[in-house]
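None of the figures in this text is laboratory data; all of them are computed from the coordinates on show. All values derive from a computational prediction rather than experimental measurement. Positions of Cβ are backbone-derived with ideal geometry, glycine not excepted, and every protein chain shown enters the neighbour counts.
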Amino acid sequence: MKVLWTQGKASVSDIQQSLKAERDFAITTISTVLQRLYKKDIVDFHKVGRQYIYKAVISEKETQASMTNNLIDQLFEGKSSVLVNHLLEEDAFEADELERLRKLIEAAQERQQLDP
C-alpha cells in the first residue's frame, strides 16, 4: 500500500521493484495480495495493454485511523488513554518527541474547553 500511496499508481512489477530493497517478493505474491485488496475495495485497477495498473482507493490517513481504532478497541478496552499510557511506559521517547506530545495534549485540552 505504501508504494501505491507514494506513487499514486503502479503495476505489479513496479511494486516489486519498489519493494526489492526491503524484501524480494515474487510477482505472484504481490498479485495475490492486490487481488485480495481489490475484493475488499481497498485498491482499484485498470488495464493498459497486458498490465494491470493499481491505485489505492483508501488513503493512508484513513487506513491509519481505521487500524488505530481497531487496535484501541481490541487491545486497550476502547480507551486511547490506555494506549498512550502503554506507549509512555514502554517506549523510550526522545525529549523533542515528548515536547511535541505535550503540545498536542495542550491543543486537545484547548479544543475540549471550546467544545464541551
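Brief remarks follow.
- All of (1) within 23 Å of the chain's Cα centre (by Cα); (2) of a type in the set (D, E, K, R); (3) assigned to a helix (DSSP H, G or I) hold for E77 with one exception: (3).
- The number of residues in segment 43-70 that are under 13 Å from K9 (Cα atoms) and either outside any strand (DSSP E or B) or of a type in the set (K, R) (or both) comes to 5.
- Among residues of segment 25-34 being under 16 Å from D14 (Cβ atoms) and without any contact (Cβ under 8 Å) to a residue 12 or more places away in the chain, the one that is nearest to the chain's Cα centre (by Cα) is V33.
- Selection within segment 36-51: residues that are loosely packed, with under 15 Cβ neighbours inside 10 Å and not charged (D, E, K, R). The member of this set that is nearest to the chain's Cα centre (by Cα) is H46.
- Qualifying residue in segment 96-108 (condition: touching a residue at least 40 places away in the same chain (Cβ under 8 Å) and either surrounded by 14 or more Cβ atoms within 10 Å (Cβ to Cβ) or of a type outside the set (S, T, N, Q) (or both)): no
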